[in-house]
Amino acid sequence: MLTNRRFVAVASFLVLLALVPLLARFVGGEAFWIKFATRVMIYAIAAVSLDLILGFGGMVSFGHAAFLGVGAYAVGILSAEGIANGFVQWPVAILASALIAAAIGAISLMTRGVYFIMITLAFSQMLYFLGVSLTAYGGDDGMRLANRSRFPGLIDLSGDVTFFYVVLAILIGALVAGHRLVNSRFGMVIQGCRSNERRMRAIGFPTFRYKLAAFVISGVMCGIAGALLANLTAFVSPSEMHWTRSGEIMVMVIMGGMGSLFGPVLGAAGLLVLEEILSSHTQHWQAILGPILVLLVLFAKRGLFGLIDGKSAEKPAGLTGHG
Amino acid sequence: MAEPLLAVESLVKRFGGLVATDHLSLAVEPAELHAVIGPNGAGKTTLIAEIIGELGVDEGRIRFDGHDITHRPTPVRSALGLARSFQVTSLFPDMSALDNVALAVQAHSGHSFRFWRDARADASLRDPAHDVLAQVGLGPRADVLAGNLAHGEQRQLEIAMALATKPKLLLLDEPMAGMGTEESAQLVTLLKSLKRRFTILLIEHDMDAVFQLADRITVLVYGRAIATGTPDAIRANADVRQAYLGEEEE
Ligand SMILES: Nc1ncnc2c1ncn2[C@@H]1O[C@H](COP(=O)(O)OP(=O)(O)O)[C@@H](O)[C@H]1O
Ligand SMILES: [Mg+2]
């Protein structure tokens, strides 16, 4: 799985990332860079969570931003109700994401292919409109949080550098957990379902429950990213749940390399950096971003992470790819 | 007499107007190698799909090892001891041959809600998988991606995956499909070695193989069993000669 070259690449990237607060001091615009890197890492967590079910499980969820929203709103609503304690907020965010992922997953996973894509999209749009209709919590405009989650006696997140390192630790935790997961028995089952679900059932796996569990795990990981996002900007808004956001997360996964876990981290960095650079030069940055993505998909089929080992690793002939 | 391991009782399956299984009854005795032959489109693959539960039936019952499994889902039937191979190869093409078999072993070693330990370093999965691969003659090819194996090897892997679940009844759907004569001969040897160790329901087009291997043969035509008996009895059966064996030249 993880070749030496890849391991070196991952390790160097993470070390470089950890040095961002120091490097930013020399470059200038320190506050901006730290916040930007934190944003990249939060979306990276979301993208890694999507890769678990998309890249490994073959479940093309086109509504993953819903869980960003659920995590963010759990923090936002509690905060608006005067509960700023993170020991309450974060578990609630996790529980809410788990329950909603279980509900969405239980229904969506009864369908296949295009229907699965459409139904996950529909659910996320429902949550988006629910967010818009929550006028008590900012409605369309979103709402400002009084402060970041409080962890009395543990840590003070109000400093951007502290928060940066907390997010980095959570990202590394997500990568390690993800790596264990995809190589565990559970992970083998998920990959078997992507590869040939009919055969999985014939050899005795009740596939639905495993896919549902994977969907919930992925939803929870994305919900955590949502809770972090609310903390980063001290702001929650329905736009985090819009389908275009789901699309961006999916682009991060594909651009970075599906089914590679670390690829989506590169994808998140790549996409957000491109957006940042292009949008500072022209209003029509999306018109440039589009073709760049197309080229990338055409010429680097295994994404940015795939470029690292160069050789297009052994793939069976006639494999049609995922779902 | 003891109860048969598998009893299919007046099974009916319709696809619109087509009756693919037509009041079909069939019994497989423990340790027997029971072959099902019949022309293309007779409903042999459909029968396997009904027994393993991939297709629901319209009428009739299926009993297996003391259980009425007519309405049980496929994974439950697998857990009870049924395994099938596919006429059209159905593997995990993007995984190694060993991973393919190890997954089949894993399916029958408790639940898989185990999230941490590396499954590829788990000797309780890898060792039995290696054994089964060696049995079917794929030992040296363990690390090759299933999708990159030669056709004959993929057919062997098909059987290995079914074997790895340690089934009480092995349902083999034309295991020799698309094989050359030499490969077929090897497979006959393999099936001979499996005979008696497993109860087998074998669907096969290769008549030589069937008459060599089977204890009993059921002849299926248009979804109906027109005869069941020993190879000699089937060879001598006038109905069978007319309905099926007569048209062998094709
Ligand atoms: N899913 C299906 N829908 C409609 N007709 C089917 C389906 N599966 C099989 N059939 C038809 O049922 C008949 C039996 O098919 P099958 O069991 O594959 O035959 P065999 O394996 O004996 O060659 C054929 O006429 C086939 O066209
Ligand atoms: Mg057939």
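Before moving on, here are some points about what is shown:
- Residues of the range B:171-187 that are among the aliphatic types (A, V, I, L, M) and either within 16 Å of ligand 2 (Cβ to nearest atom) or touching a Ser or Thr at 6+ places or on another chain (Cβ under 7 Å) (or both): B:L171, B:L172, B:M176, B:A177, B:M179.
- So B:A121, is it farther than 18 Å from A:C193 by Cα, within 14 Å of another protein chain (Cβ to nearest Cβ), modelled with pLDDT of 95 or more and more than 13 Å from ligand 1 (Cβ to nearest atom): yes
- Matching residues in the range B:136-167 - criterion: being within 13 Å of chain A (Cβ to nearest Cβ) and either more than 18 Å from B:A102 (Cβ to Cβ) or open to solvent by 40 Å² or more (accessible area, probe 1.4 Å) (or both): B:D143, B:N148, B:A150, B:H151, B:K166
- For the range B:76-111, filtered to residues that are buried (at least 19 other Cβ atoms within 10 Å of the Cβ) and among the β-branched types (V, I, T), the residue that is farthest from ligand 2 (Cβ to nearest atom) is B:V105.
- Residue check: A:Q283 meets all listed conditions (1) surrounded by fewer than 21 Cβ atoms within 10 Å (Cβ to Cβ); (2) assigned to a helix (DSSP H, G or I) but one, namely (2).
- Scanning the range B:188-226 for residues that are open to solvent by less than 60 Å² (accessible area, probe 1.4 Å), touching a Gly at 6+ places or on another chain (Cβ under 8 Å) and more than 16 Å from ligand 2 (Cβ to nearest atom) turns up B:L190, B:I217.
- Filtered by the rule that a residue be at pLDDT 95 or above and open to solvent by 60 Å² or more (accessible area, probe 1.4 Å), the range A:93-131 gives A:I94, A:L95, A:L99, A:I107, A:M110, A:Y115, A:M118, A:M126, A:F129, A:L130.
- Comparison of B:G178, B:G223, B:G152, B:G147 shows that the only residue that is over 13 Å from the mean Cα position of the chain (by Cα), within 16 Å of ligand 1 (Cβ to nearest atom) and farther than 24 Å from B:R63 by Cα is B:G178.
- The residue that is least open to solvent (accessible area, probe 1.4 Å), among those in the range B:117-135 that are hydrophobic (A, V, I, L, M, F, W, C) and over 24 Å from the mean Cα position of the chain (by Cα), is B:A119.
- Selection count where residues are crowded, with 22+ Cβ neighbours inside 10 Å and within 18 Å of B:L169 (Cα to Cα), scope the range B:6-25: 2
- Every residue from the range A:134-184 that is small (G, A, S) and within 14 Å of chain B (Cβ to nearest Cβ): A:G173, A:A174, A:A177, A:G178, A:S184
- Scanning the range A:195-209 for residues that are farther than 11 Å from B:S90 by Cβ, more than 7 Å from chain B (Cβ to nearest Cβ) and open to solvent by 10 Å² or more (accessible area, probe 1.4 Å) turns up A:F208, A:R209.
- Taken together, the residues in the range B:227-242 that are modelled with pLDDT under 90 and surrounded by fewer than 19 Cβ atoms within 10 Å (Cβ to Cβ) amount to 6.
- Checked against (1) open to solvent by 30 Å² or more (accessible area, probe 1.4 Å); (2) within 22 Å of B:E183 (Cα to Cα), B:R114 passes all but a single condition, namely (2).
- Of A:L127, A:L109, A:L121, A:L157, all but one fail to be closer than 16 Å to A:A74 by Cα and aliphatic (A, V, I, L, M); the exception is A:L127.
- Criterion (away from chain B (no Cβ under 14 Å) and either assigned to a helix (DSSP H, G or I) or surrounded by fewer than 24 Cβ atoms within 10 Å (Cβ to Cβ) (or both)) met by exactly one of A:G259, A:G187, A:G192, A:G219: A:G219
- Total residues in the range B:31-70, condition closer than 18 Å to B:E204 by Cβ and more than 16 Å from ligand 1 (Cβ to nearest atom): 2
- The set of residues from the range B:27-64 being more than 16 Å from ligand 2 (Cβ to nearest atom) and open to solvent by less than 10 Å² (accessible area, probe 1.4 Å) comprises B:V28, B:L33, B:H34, B:I62, B:F64.
- Residue satisfying all of: in the range B:12-30; in contact (Cβ under 8 Å) with a residue 40 or more places away in the chain and closer than 27 Å to B:R196 by Cα; nearest to ligand 1 (Cβ to nearest atom) among these: B:L24
- The single condition among (1) open to solvent by less than 50 Å² (accessible area, probe 1.4 Å); (2) modelled with pLDDT of 95 or more that A:G139 does not meet is (2).
- Scanning the range A:208-229 for residues that are of a type in the set (F, W, Y) and either touching a Leu at 6+ places or on another chain (Cβ under 9 Å) or within 14 Å of A:I42 (Cα to Cα) (or both) yields a total of 2.
The values are calculated or read from the model by the stated rules, or taken from the named source; none is laboratory data. Please read these numbers as outputs of a predicted model, since none were measured by experiment. Quick reminder, even Gly has a Cβ in these numbers, built from the backbone with ideal geometry, and neighbours come from all protein chains shown. Note: accessible area is taken over every heavy atom of the protein model, side chains too, but ligands, DNA and RNA are not part of it. Shrake-Rupley method; radii C 1.70, N 1.55, O 1.52, S 1.80 Å.
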